[in-house]
Structures are given as C-alpha cells and as structure tokens.
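Below: one structure, written as structure tokens.
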Amino acid sequence: MDALQLWGLDVIRAIQQVHGPALDNFFRVITFLGTEEFYLVLLPFFMWCIDFQAGARLTIFLLFSSYLNTDLKDIFQEPRPFQLDPNVKLSEANGYSLPSGHAQSAVVVWGGIGVWARRPVVWAIMIGLAILVGFSRIYLGVHFPTDVLAGWAIGAGLLGIFLVTLHKIQSKITELNLVMQLLLAFAVPIALVLIHPTKDTTAAMATLSGIAVGLELAARYVSFNVQGLWWQRLLRYVIGVLIVFGLFFGLRAVFPAESETFYMALRFFLYWVVGLWVSLGGPWAFRLLRLA
C-alpha cells in the first residue's frame, strides 16, 4: 500500500464519519446516475424525444469513453479502496479502480448535455451532477479521490476533443458513399475489440457499431423527426425502451455462459442489435405507428 492509497483511505474514512442510512441511500441514488443501466434509459430518451442527432453523437461519444476507461483500468490495475480496507465499503463495485468510470462518464454525458443546451442554468446543473456522481464514489468507498480526479480530467479532455473534432469527422464521413460508411461502422469497432478483447470493450464497441450502421441507414431510408405531441413522445419512448430491455434480457437469457465457445461473438451480436434498434429500428417503428 503506497502513500497515495493511504492518504485516499484517510480521506474516505473522514468523509464516512457522517454517513448513515439516509445519506448512504442518497449517494447510492446519485451514483446510479453514472451507471450503464441509467444511460441505457436516458440516452434513448434523448435520441427519440429531444434531439435525435445530438443524442446519437452523445451516445457514440460515451461508448468511446467507456472503451478508453476499460483500457486504462486494465493498464493501471489499481485495487479499489475496500480491497485494502473492507470497512470503507458501502456499495458494490467490480473491476479495477483507476480511473473512475462513473466520474469520467458523468463529465462526458452531463457535460455533453450542457454543451447541447448552451444555457448557464443547465450548465450549472450538469456540472453539479458530475461533481456529485464523482463524490458519491468516494463516499461509498469504491474509489480513491485520485481515481475520481483522474476520471473527471479524462472526461473533460475527451469532451474538449469531441467539441473540436466533431464537425470535421462528420464532414469526412458524409463524403463517403454508403458502402464505405457501413464498412467503417463495422471495421473500426471490431478492430478496437481485437486490440483489447474484454467483455466491457466488446459491449461498448458492438453498441457503437450497431448505432453507426443504423444512423447511416436511417439517414437515407427513415425520415425521423422527434417533434410531436407530448403523448406521442411518451408512447414512443415507452415502447422503444421496453423493446430495448426485451432484446437485451431476452437474447442474453439464451446465450451461452461466459466460459463457453462463441460467448464473445454472441455478446457482440447482442449489443449490436440493441444499438441498431436504438438508431434505426425504433425510429422506423415510430414512423410506422404514426408516433413520429
């Protein structure tokens, strides 16, 4: 245990001096705002009901961030605080500790929404959420303060890169024909999985591939617009999310165990289908049902 870890544990213990059931539950709710499950609910809502293109870009950005976070964790292989002192554990967490995925994704997602909104009040709320999500990881004893600081810094750096390069990348892709666009949507995610083949990288890149393929096809064959009456937006979201969870849990129930042959290939297929539904299947169905 090095000096930085000892200092981090001291900070966690000091923060937890005021913990209790109500505060524990509050920060568990806050930390949920940085989970994959929450984003699986939030980002489709943004795409289908608020701004389709902005939601799609934000989702792709988050998936790249998730891939990088997994890479960095496997490089540093830092233990979590509760692995050094079980007494600080107030919540469950798996994998390595550095950098904090919750802190990184919170800056990416909430910061990205702030950029989209371009309103000081929204910016203040988004920054507050990102700070709270990161702090909750320290409070719950699942990350050192340095993990959270690193996550915030990496997320902010990625957000800056995203803002600078977004329009250049989009213009380059739109210049390609459909075949090349689809080839790119398959080749880049698969190459990244082959570079670092893990469960998490496979899930992130498969979803990215499915969304990218769907976006290219939807741009040509589905005239989707998020505008509509409030009940249309609500109904399309409820139907869409129910199918997302149906696909996710239904396909996963029949897939082989992790130790069996073809597990990673089928995992890629599962997340690819979910991504394709969000970007193409859902918008097409909403048009068909006259909900968009």
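One table, with the values for the structure above:
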quantity	calculated
Cβ pairs under 6 Å, 6+ apart, first in segment 71-100 and in contact (Cβ under 8 Å) with a residue 60 or more places away in the chain, second acidic (Asp, Glu) and exposed (fewer than 13 other Cβ atoms within 10 Å of the Cβ)	none
Selection within segment 70-90 - among the aliphatic types (A, V, I, L, M) and either touching a Leu at 6+ places or on another chain (Cβ under 6 Å) or under 27 Å from residue 202 (Cβ atoms) (or both)	72, 75, 90
The lone exception for residue 40 - which of (1) at pLDDT 90 or above; (2) within 24 Å of the chain's Cα centre (by Cα); (3) of a type in the set (A, V, I, L, M) it fails	(1)
Exclusive hit being among the hydroxyl-bearing types (Ser, Thr, Tyr) and under 14 Å from residue 144 (Cβ atoms), set 67, 96, 39	96
Residue selected from segment 126-146 under the condition of a type in the set (A, V, I, L, M, F, W, C) and buried (at least 24 other Cβ atoms within 10 Å of the Cβ), by the criterion nearest to residue 28 (Cα to Cα)	140
Residue match in segment 278-291 (condition: in a helix (DSSP H, G or I), in contact (Cβ under 8 Å) with a residue 60 or more places away in the chain and open to solvent by 80 Å² or more (accessible area, probe 1.4 Å))	yes
Residue 269 vs. criteria of a type outside the set (S, T, N, Q) and either within 18 Å of residue 37 (Cβ to Cβ) or open to solvent by 40 Å² or more (accessible area, probe 1.4 Å) (or both)	yes
Where a residue in segment 226-246 is under 15 Å from residue 46 (Cα atoms) and its partner, wherever it lies, is open to solvent by 40 Å² or more (accessible area, probe 1.4 Å) and part of a loop (DSSP other than H, G, I, E, B), with Cβ under 8 Å and at least six apart	226/51; 236/289; 239/289
Test result for residue 163, among the hydrophobic types (A, V, I, L, M, F, W, C), closer than 24 Å to residue 277 by Cα and open to solvent by 40 Å² or more (accessible area, probe 1.4 Å)	no
Members of segment 24-34 found to be open to solvent by 20 Å² or more (accessible area, probe 1.4 Å) and touching a residue at least 12 places away in the same chain (Cβ under 8 Å), listed by number	28, 33
Among residues of segment 227-273, those that are closer than 21 Å to residue 208 by Cα and within 24 Å of the chain's Cα centre (by Cα), counted	26
The one condition in (1) open to solvent by 80 Å² or more (accessible area, probe 1.4 Å); (2) under 27 Å from residue 248 (Cα atoms) that residue 13 fails to fulfil	(2)
Top-ranked residue in segment 166-176 [being without any contact (Cβ under 8 Å) to a residue 12 or more places away in the chain and hydrophobic (A, V, I, L, M, F, W, C); ranked as most open to solvent (accessible area, probe 1.4 Å)]	169
Answer residue from segment 59-110, given it is of a type in the set (Lys, Arg) and open to solvent by 30 Å² or more (accessible area, probe 1.4 Å) and is nearest to the chain's Cα centre (by Cα) among those	73
Near pairs, Cβ below 9 angstrom, 6+ apart or cross-chain, from segment 177-199 (over 15 Å from residue 271 (Cα atoms)) to any residue that is β-branched (Val, Ile, Thr) and open to solvent by 70 Å² or more (accessible area, probe 1.4 Å)	181/174
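The values are calculated or read from the model by the stated rules, or taken from the named source; none is laboratory data. Being a predicted model, the structure only gives us computed values, none of them experimental. Counting neighbours? That spans all protein chains shown, and the Cβs are built from the backbone with ideal geometry, glycine included. Heavy atoms of the whole protein, side chains included, go into the accessibility calculation; ligands, DNA and RNA do not. Shrake-Rupley method; radii C 1.70, N 1.55, O 1.52, S 1.80 Å.
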